[in-house]
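Below you'll find the structure, written out as structure tokens, and then a few comments.
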2 protein chains.
Amino acid sequence: MAAAVALGWRGRGRTAPNPNVGCLIVKEGRVVGRGWTQPGGRPHAEAMALAEAGDEAQGATVYASLEPCAHESARGPACADLLVAARPARVVIACGDPDPRIDGRGVARIEAAGIAVTQGICTEAAEASMAGFLTRIRLGRPFVTLKLALSIDGRIALASGESRWLTGAEARADAHAERARADMILVGRGTYEADSPSLDVRLPGLADRSPMRALLTGGDAPEGWARIAEPGAIHALDGINDLMVEGGARTAAAFVAADLVDRLLIYRAPILVGGGKAGLADIGLDSLAAAHGRWRRIATRPLGSDLREDYVRSR
Amino acid sequence: MAAAVALGWRGRGRTAPNPNVGCLIVKEGRVVGRGWTQPGGRPHAEAMALAEAGDEAQGATVYASLEPCAHESARGPACADLLVAARPARVVIACGDPDPRIDGRGVARIEAAGIAVTQGICTEAAEASMAGFLTRIRLGRPFVTLKLALSIDGRIALASGESRWLTGAEARADAHAERARADMILVGRGTYEADSPSLDVRLPGLADRSPMRALLTGGDAPEGWARIAEPGAIHALDGINDLMVEGGARTAAAFVAADLVDRLLIYRAPILVGGGKAGLADIGLDSLAAAHGRWRRIATRPLGSDLREDYVRSR
């Protein structure tokens with residue numbers, strides 16, 4: 001199942017509004033099919049894996065990171081029906097699909113056909129791999145990552161505004177890879193005007209994965225940019241699983257204050273800046289006690305001389 | 001030798017102005033003597049280990065983290081002479097003692113007695129264990145650690161001044177253990193007046209290891225506190241190997257701006273504070289390029305939900 005979840009990660013940022021599912025089919029100890037949701041959301045992971053497995057799927061074990069879909073679409077048949085037709089011995093599912101069109105119907109249809117279903121394997125890892133989709137279905141808004149490149153002392157720029165570069169080449173490449181996993185990137189008016197960021201993915205082979213761009217502004221958005229009037233407006237975004245907020249300090253603070261950040265992605269440069277621009281403006285905190293218990297550090301990883309720190313919101 | 005260096009760490013913060021040396025004596029694969037510089041600086045590590053080994057020292061291998069002393073003192077004989085009298089087969093030394101009274105004389109005296117000497121084993125680890133003493137001898141001032149408890153975004157307090165507690169119990173206990181390794185702790189006038197810090201070591205069994213206290217102030221220091229008029233004045237401190245600077249932001253900045261910080265000890269709480277008090281005030285930085293290449297992250301370690309980050313100055 002861990003391998004199926006890893007396959008699903010390949011689609012993160014490219015499958016919205018569909019989930020980025022991964023699927024692995026194993027027969028007698030051999031992998032006979034591998035699939036992941038393709039760009040644009042189709043084919044689904046199971047369809048891809050079943051196509052590769054062909055007749056070998058009969059009697060095999062199918063690992064899917066999400067419950068197979070049970071609703072037919074103009075764009076393809078329901079995966080539950082494909083599985084029933086392929087006659088595997090067992091289907092193993094990491095987590096159920098909360099989409100009201102599915103929500104147990106996929107499992108029911110497979111079990112009704114006499115195929116064994118095992119649920120709840122690697123659930124946490126699978127949910128993390130599809131956090132964008134799951135957050136959209138459960139909370140009605142994208143999964144929001146706040147990315148900040150910070151000095152040891154939490155600065156993003158000198159008082160003069162100089163901010164290039166705080167972090168090194170490895171950290172910046174990693175940040176571009178993270179961009180490729182987002183459907184949309186958002187900055188504030190100040191960052192837009194100061195840096196004119198292109199917000200594209202500047203990595204070999206990934207240039208076509210540049211996400212949509214959004215501007216947090218009370219005014220108009222420029223050509224090619226979506227306009228987000230205030231953080232709560234992300235509830236109205238249609239079909240965006242993953243949103244990355246890239247700053248500046250007031251935009252970051254607006255999302256944190258609205259409790260609309262699910263993940264902090266910190267690139268920590270080994271430098272001291274002292275006086276300069278803070279990475280996060282006022283968030284209206286009135287006691288330290290209120291600040292605690294909200295963030296859980298799940299990983300730290302060196303990137304060149306920088307340190308990447310991942311935190312998730314405890315909910 | 002790693003074991004000898006570890007023994008030496010036991011004395012850090014209690015042996016000034018002497019070095020905190022560790023010594024291990026091994027004979028036929030058995031440890032027959034262990035020593036470390038005792039509180040106040042005497043007995044020396046070698047004397048303690050040789051006393052434990054007794055006649056077993058003859059023909060043994062002696063591991064010492066620092067070159068044995070060669071000068072007699074009213075407080076005890078020279079370790080080189082003790083070693084010559086004990087007749088070990090070999091003396092292994094991690095690093096030479098740059099103290100002008102020694103500086104090779106210890107090695108010369110042992111070799112002149114026909115005892116083999118090996119040098120340069122575990123030198124880096126040994127130098128780190130005695131960084132306080134070595135910095136005092138080489139640079140004429142204490143080794144300076146700047147300790148900061150910071151939020152993810154580099155704050156030390158709310159705008160209201162509330163700063164208790166940013167970090168959790170494990171991090172605070174670790175900070176007290178670090179205090180016990182310092183000879184002197186320094187704060188600025190603002191921190192003194194706002195927090196009236198006692199700066200003692202509040203750990204079971206270590207209460208008697210509380211270091212001297214110093215105040216960075218242009219005015220008078222209170223009873224029981226040393227007065228440091230400006231960071232450069234630490235060159236005039238007598239017999240202080242390790243100085244820990246505990247803030248606040250202006251005091252930290254004064255030491256960083258004077259390039260008088262050798263180590264950053266960061267306790268990072270998993271919280272966002274936003275507007276509030278920054279951990280480091282202006283350090284007069286005029287370009288990001290000038291900030292890079294100065295600090296090297298040598299360790300990160302979880303302490304409860306906090307993260308300890310250790311950086312050393314690259315010189």
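The values are calculated or read from the model by the stated rules, or taken from the named source; none is laboratory data. Quick caveat: nothing in here was measured; it's all calculated off a predicted structure. Cβ placement follows ideal geometry from the backbone for every residue including glycine, while neighbour counts extend to all protein chains displayed. These area figures cover heavy atoms from the full protein model, side chains too; ligands, DNA and RNA do not enter into them. Shrake-Rupley method; radii C 1.70, N 1.55, O 1.52, S 1.80 Å.
Let me confirm one metric for peptide A:150-163, namely the mean number of other chain beta-carbon atoms within 10 Å of its residues' beta-carbons.
Values: counts 3, 6, 13, 17, 13, 7, 2, 1, 6, 3, 4, 0, 5, 1.
Partner Cβ neighbours, averaged per residue: 6.
Considering only B:Phe133, B:Gly232, B:Ile25, and ranking their Cα positions along the charge dipole of chain B that arises from unit charges at the beta-carbon of Lys, Arg, Asp and Glu, the one farthest toward the positive end is B:Ile25. Put simply, chains B and A cover up around 3400 Å² of each other's accessible surface, both sides summed, when a 1.4 Å probe is used. Share of carbon and sulfur in the accessible area of region A:141-313 stands at 48%, probe radius 1.4 Å. What the Cβ-Cβ distance of A:Arg250 and B:Ala177 gives, at R0 = 51 Å and to the nearest 0.05, is a FRET efficiency of 0.80. Estimated at 0.36 nm per residue, the fully extended path between B:Arg90 and B:Asp286 surpasses their Cα-Cα distance by 65.2 nm. A:Asp286 label point (Cα plus 7 Å toward Cβ) to equivalent points in the other copies: 4.5 nm, shortest first.
Computed extension length for A:Leu203-A:Leu139: 19.8 nm, one decimal, from 0.36 nm per residue of separation with the Cα-Cα distance subtracted. Assuming a ≥ b ≥ c are the square roots of the Cα gyration tensor eigenvalues, decide whether region B:141-313 counts as rounded (a/c under 1.5), prolate (otherwise, with a/b larger than b/c) or oblate. It comes out rounded by the Cα gyration axes. Averaging over all projection directions, the Cα-based convex hull of the protein assembly as shown occupies 34.8 nm² in the image plane.
Which value in deg cm²/dmol, rounded to the nearest 500, describes the helix-derived mean residue ellipticity at 222 nm for chain A, given -39,500 (n - 2.57) per DSSP H run of n ≥ 4 and division by the residue count? Result for chain A: -7000 deg cm²/dmol, rounded to the nearest 500.
Please report, largest first and rounded to whole Å, the three semi-axes of the ellipsoid equivalent to chain A, where each semi-axis is the square root of five times an eigenvalue of the C-alpha gyration tensor. Let's see the in-between values first.
On the way: eigenvalues 314, 74, 65 Å².
Square roots of five times the eigenvalues give 40, 19, 18 Å.
Neighbouring Cβ atoms from other chains, within 10 Å of the Cβ of residues in A:260-270, number 3 on average. In a GNM of chain A with a 10 Å cut-off on Cα contacts, which of A:Ala229, A:Ala70, A:Ala131 has the highest mean-square fluctuation? Ranking A:Ala229, A:Ala70, A:Ala131 by mean-square fluctuation puts A:Ala229 first. Cβ-Cβ distance of A:Arg227 and B:Ala299, R₀ of 56 Å, FRET efficiency by 1/(1 + (r/R0)^6): the value works out to about 0.80. Hey, for a label at A:Asp310 modelled as a point 7 Å past Cα toward Cβ, could you say which residues of region A:125-153 have their backbone N under 17 Å away? Backbone N within reach: A:125-135, A:143-149.
Please compute the per residue accessible area over region B:141-313 with all protein chains in place, 1.4 Å probe, rounded to a whole number of Å².
About 38 Å² of surface per residue is accessible.
For A:Lys147, the lysines whose Cα falls under 20 Å of its own Cα, not counting residues fewer than eight places away in the same chain, are A:Lys277. Residue ranges B:192-199, B:249-256 sort as B:249-256, B:192-199 when ordered by packing (mean number of other C-beta atoms within 10 Å per residue, highest first). Dipole of region A:163-288 computed with +1 at Lys/Arg Cβ and -1 at Asp/Glu Cβ about the Cα centre; of A:Leu288, A:Pro211, A:Val273, farthest Cα towards the positive end is A:Val273. The calculated P(r) of region A:181-247, using every Cα pair and 10 Å bins from 0, goes 20, 56, 22, 2 in percent.
Run the numbers for B:Ala3 and B:Gln58: contour at 0.36 nm per residue of separation, minus the present Cα-Cα distance, in nm. Please list the in-between numbers first.
Working: separation 55, 0.36 × 55 = 19.80 nm, distance 2.05 nm.
Taking 0.36 nm per residue and subtracting the Cα distance, the gain is 17.8 nm.
Among B:Gly11, B:Gly54, B:Gly104, the largest mean-square fluctuation in a Gaussian network model of chain B, built with springs joining Cα atoms closer than 10 Å, belongs to B:Gly54. Against the empirical curve 2.2 N^0.38 Å, the C-alpha radius of gyration of region B:116-226 lands at a ratio of 1.31. Amide H contacts for A:Ala226 (H built 1.01 Å from N in the peptide plane; partners 5 or more residues away or on another chain; cut-off under 5 Å): A:Arg213, A:Ala214, A:Leu215. Using a ≥ b ≥ c from the Cα gyration tensor of region A:2-132 (square roots of the eigenvalues), is it rounded, prolate or oblate, where a/c under 1.5 gives rounded and otherwise the larger of a/b and b/c decides, a/b for prolate? It comes out rounded by the Cα gyration axes.
Inter-chain Cβ neighbour count for B:291-300, averaged per residue, equals 5 (cutoff 10 Å, partner chain atoms only).
At a 10 angstrom cut-off on C-beta neighbours, averaged per residue, how do the peptides A:110-118, A:164-172 rank from highest to lowest? Please list the in-between numbers first.
Details: A:110-118: 14.6, A:164-172: 17.3.
Packing order, densest peptide first, comes out as A:164-172, A:110-118.
Between the beta carbons of A:Ala194 and A:Arg42, assuming R0 = 41 Å, the FRET efficiency works out to 0.55 to the nearest 0.05. Taking packing as the residue-averaged number of other Cβ atoms within 10 angstrom, the listed peptides B:3-9, A:21-27 run from highest to lowest as A:21-27, B:3-9.
Is the shape of region B:101-171 rounded, prolate or oblate, going by the alpha carbon gyration tensor and its root eigenvalues a ≥ b ≥ c, with a/c under 1.5 for rounded and a/b larger than b/c for prolate? Mind dumping the intermediate values first?
Numbers: a/c = 5.44, a/b = 3.28, b/c = 1.66.
It is prolate, given that a/c is not under 1.5 and a/b is the larger ratio.
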